[in-house]
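This report concerns only the one structure given below.
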Amino acid sequence: MSESLNQLLHESFSKNWDHKALCDLGKTPLTYGEAAQQIVKLHLLLQEAGIKPQDKIALCGKNSANWSMAFLAAITYGAVPVPILNDFKAESIHNIVNHSDARILWLDDAVLNAVTLDEMPTLEVVMQLGDFTPVYSKEEKVIKFCSELDKTFAEKYPNFGINDLVFHKEQPEEIALINYTSGSTGFSKGIVLPYRALWSNVRFAIDNITYLKADDGMINMLPLAHMYGLAIEMLFPLCKGCYVYFLGKTPSPKILMGAFAQVQPKLIIAVPLILEKIIRSKVLPTLQKPLLNFLMHIPGVSNLILSKVRKQLISAFGGQLEMIVLGGAALNGDIEDLLRRMKFPYTVGYGMTECAPLIAYAPWYEIRKASCGKIVDRMEARIVPLHDGEDVGELWVKGSNTMLGYYKNQEATDSTFKDGWMNTGDLCIFDKDGFLYIKGRNKNLILGPSGQNIYPEEIEDKINNLPYVAESLVVDREGKLVALVVPDFDKAKQDGIDAEAVKELINNNRAALNKMLASYSQITRFEMRDEEFEKTPKRSIRRFLYK
């Protein structure tokens with residue numbers, strides 16, 4: 001088995017030449033052969049622009065078939081793509097382009113209108129993703145070459161076919177891409193990922209998600225500039241011969257339901273918030289009706305009800321669903337209890353950009369409540385306790401998925417690695433069977449009055465289950481725990497409760513909350529917020545903004 005990502009891609013393109021590969025919402029699908037033709041055209045352009053293997057190419061735009069082809073063109077040429085989240089502010093985009101030493105920038109119209117090209121002096125070529133036309137070039141010959149690209153391609157490849165598709169033969173430790181995170185704890189760092197890390201993630205998905213076959217469709221909902229979406233929603237299905245369907249816009253319920261009905265996906269990749277919203281809006285209101293609520297307490301009858309709800313959910317997701325894989329955040333405990341009772345095919349994995357991204361996973365029929373699976377193939381893990389005698393500690397990992405380090409930041413790299421092991425910064429515990437449980441981030445850990453470890457995420461999970469709470473954040477204010485709470489104003493309005501009344505109702509539930517908490521982790525007060533917390537693209541709260 002060759003450990004080559006580009007070889008996996010090449011084999012899939014060759015086997016599935018006439019099959020659908022990429023499709024934008026409302027557009028005609030591109031076959032693997034048509035996508036290959038565009039990729040080779042971009043190879044010719046990169047060659048004309050003087051791009052060499054390991055040169056950096058920045059990529060900033062909304063998810064689309066063209067985004068995918070631009071990324072694939074870069075990585076199969078041997079250049080280093082630098083995906084940038086298109087909702088980053090202009091200053092952040094400028095900084096990342098400059099810091100990464102990018103020579104080319106591909107962007108869409110929205111980003112072009114936001115950035116200032118003069119602020120990115122290292123760029124030699126700027127191109128639009130919409131039609132791959134140049135916006136700027138230091139050399140006039142590149143502009144001219146682009147205008148004649150179709151003609152040049154036709155002359156060079158009069159009968160373009162599989163044998164004309166040549167991909168870069170990479171080395172495992174060679175840099176594949178640099179991914180700048182938008183973390184919940186501070187400024188973005190450039191994570192340098194080698195080809196072996198991408199190959200290992202894709203290989204694991206191929207080996208463990210065997211029900212996904214060539215010609216199956218997948219809906220892309222997560223940002224491709226984030227490793228979770230890039231590796232599992234794009235690279236993996238393309239290596240399987242599937243086709244990827246790009247929404248290209250905010251996944252509203254109406255758009256999602258239409259896409260699910262059209263594509264009928266077997267596999268859905270999502271963050272917990274999407275599934276939680278569907279359960280809270282579509283399932284819980286029905287189960288909480290007086291008659292059904294009564295019947296749910298009758299053994300046997302409750303199972304029949306839940307079985308019917310399960311079928312309705314599967315149908316809503318297109319009818320062919322085999323599994324929803326959740327990642328990026330913890331799943332709410334009460335929602336998870338309900339999903340387990342109805343035997344719904346969900347699972348919660350765990351990873352981070354520094355591991356491209358997989359660290360732990362288990363299929364839905366093996367996963368344990370509140371767990372995120374077992375350590376994936378080609379990876380090792382160990383717990384380093386914060387205090388002697390404790391089971392909980394920092395999770396350290398090593399193996400094929402780990403990054404090379406942080407780009408041009410040796411200090412951060414050295415502080416993260418020790419003897420080949422990488423510190424995830426997450427506080428975790430293993431059970432006796434090797435299932436991993438995340439307690440929280442070490443940076444978020446709060447020390448109680450007598451040195452007790454307080455995990456704010458565990459308290460937040462309980463707060464979020466209180467009536468009319470949308471989300472919450474627990475912070476330490478001069479030795480006292482305060483919960484910042486965002487009420488669910490939409491649900492309150494539906495129930496005829498005004499904004500001030502719902503805040504009072506939530507406040508009145510603080511005593512009930514504290515009865516569920518240890519004495520050292522009592523919440524002293526709620527602070528109400530009228531707007532939701534600022535979040536990363538994977539929907540994690542940017543906690544450092546709310547100390």
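Under 7 Å between Cβ atoms, at least 6 apart or on separate chains: pull out the pairs that start in the range 255-276 with a residue that is within 19 Å of P223 (Cα to Cα) and end on any residue that is among the charged types (D, E, K, R). Note: pairs meeting the criteria are I255/K249; L267/E322; I269/E233; V271/K538; V271/R539; L273/R539.
Of the residues making up the range 205-234, those that are farther than 22 Å from G373 by Cα, in contact (Cβ under 8 Å) with a residue 60 or more places away in the chain and within 18 Å of the chain's Cα centre (by Cα) number 5. Within the range 525-544, the set of residues being assigned to a loop (DSSP other than H, G, I, E, B), open to solvent by less than 80 Å² (accessible area, probe 1.4 Å), charged (D, E, K, R) and touching a residue at least 60 places away in the same chain (Cβ under 8 Å) comprises K538, R542.
Among the residues of the range 505-524, is any in a strand (DSSP E or B), under 29 Å from N453 (Cβ atoms) and open to solvent by 30 Å² or more (accessible area, probe 1.4 Å)? Looking for residues that are in a strand (DSSP E or B), under 29 Å from N453 (Cβ atoms) and open to solvent by 30 Å² or more (accessible area, probe 1.4 Å), one finds at least one in the range 505-524, hence yes. When residues in the range 290-322 are screened for being in contact (Cβ under 8 Å) with a residue 40 or more places away in the chain and surrounded by fewer than 19 Cβ atoms within 10 Å (Cβ to Cβ), 4 of them pass. Scanning the range 336-371 for residues that are β-branched (V, I, T) and in a helix (DSSP H, G or I) yields a single hit, T353.
Give me the helices (runs of 4 or more DSSP H) completely within the range 1-94, filtered to those with at least 1 residues that are surrounded by fewer than 20 Cβ atoms within 10 Å (Cβ to Cβ), of a type in the set (S, T, N, Q) and touching a residue at least 12 places away in the same chain (Cβ under 8 Å), ordered by residue number. Walk me through how you get there before you give the answer.
Values: elements: 5-15, 32-48, 65-77.
In the range 1-94, 5-15, 32-48 are the helices (runs of 4 or more DSSP H) which contain 1 or more residues that are surrounded by fewer than 20 Cβ atoms within 10 Å (Cβ to Cβ), of a type in the set (S, T, N, Q) and touching a residue at least 12 places away in the same chain (Cβ under 8 Å).
Of the residues in the range 250-262, none is under 15 Å from the mean Cα position of the chain (by Cα), under 19 Å from R539 (Cα atoms) and modelled with pLDDT of 95 or more. Please determine whether any residue of the range 433-447 is closer than 30 Å to E478 by Cβ and of a type in the set (S, T, Y). Within the range 433-447, none of the residues are closer than 30 Å to E478 by Cβ and of a type in the set (S, T, Y).
For the range 343-372, filtered to residues that are aliphatic (A, V, I, L, M) and surrounded by 20 or more Cβ atoms within 10 Å (Cβ to Cβ), the residue that is nearest to I274 (Cα to Cα) is V348. Answer yes or no as to whether F260 is in a loop (DSSP other than H, G, I, E, B), of a type in the set (F, W, Y) and open to solvent by less than 40 Å² (accessible area, probe 1.4 Å). Taking the combined requirement at face value, the residue does not satisfy it.
Pairing residues of the range 365-378 that are over 18 Å from A330 (Cβ atoms) with residues that are surrounded by fewer than 16 Cβ atoms within 10 Å (Cβ to Cβ) and among the acidic types (D, E), at Cβ distances under 9 Å and at least 6 apart in sequence or on separate chains, gives D377/D207.
Exactly one residue out of V475, V486 is within 20 Å of L275 (Cα to Cα), hydrophobic (A, V, I, L, M, F, W, C) and open to solvent by less than 60 Å² (accessible area, probe 1.4 Å), and it is V486. With a requirement of 1 or more residues that are open to solvent by 10 Å² or more (accessible area, probe 1.4 Å), closer than 26 Å to L230 by Cβ and polar (S, T, N, Q), the strands (runs of 3 or more DSSP E) lying completely within the range 116-202 that satisfy it span 125-128.
Within the range 265-277, the residues that satisfy the criterion of being out of contact with any Lys or Arg (no Cβ under 7 Å at 6 or more places or on another chain), open to solvent by 20 Å² or more (accessible area, probe 1.4 Å) and either among the small types (G, A, S) or in a helix (DSSP H, G or I) (or both) are I274, E276, K277.
Matching residues to (1) modelled with pLDDT of 90 or more; (2) in contact with a helix residue (DSSP H, G or I) (Cβ under 7 Å, 6 or more places away or on another chain); (3) surrounded by fewer than 14 Cβ atoms within 10 Å (Cβ to Cβ):
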| position | (1), (2), (3) |
| --- | --- |
| D391 | no, no, yes |
| E394 | yes, yes, no |
| Q410 | yes, no, yes |
| N423 | yes, yes, no |
| D431 | yes, no, yes |
| Y455 | no, no, no |
| I459 | yes, yes, no |
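Sort out which residues of the range 95-110 are in contact with a strand residue (DSSP E or B) (Cβ under 8 Å, 6 or more places away or on another chain) and either farther than 12 Å from G190 by Cβ or surrounded by fewer than 18 Cβ atoms within 10 Å (Cβ to Cβ) (or both), and write them in order of number. Show your work before the answer.
First, the residues of the range 95-110 that are in contact with a strand residue (DSSP E or B) (Cβ under 8 Å, 6 or more places away or on another chain): 96-97, 99-109.
Those that are in contact with a strand residue (DSSP E or B) (Cβ under 8 Å, 6 or more places away or on another chain) and either farther than 12 Å from G190 by Cβ or surrounded by fewer than 18 Cβ atoms within 10 Å (Cβ to Cβ) (or both): D101, R103, I104, L105, W106, L107, D108, D109.
The values are calculated or read from the model by the stated rules, or taken from the named source; none is laboratory data. This structure is a prediction, so every number in the text was calculated from the model and none was measured. Cβ sites come from the backbone with ideal geometry, for glycine too, and all protein chains shown count toward neighbours. Side chains are part of the model used for accessible areas, which takes the heavy atoms of the whole protein and leaves out ligands, DNA and RNA. Shrake-Rupley method; radii C 1.70, N 1.55, O 1.52, S 1.80 Å.
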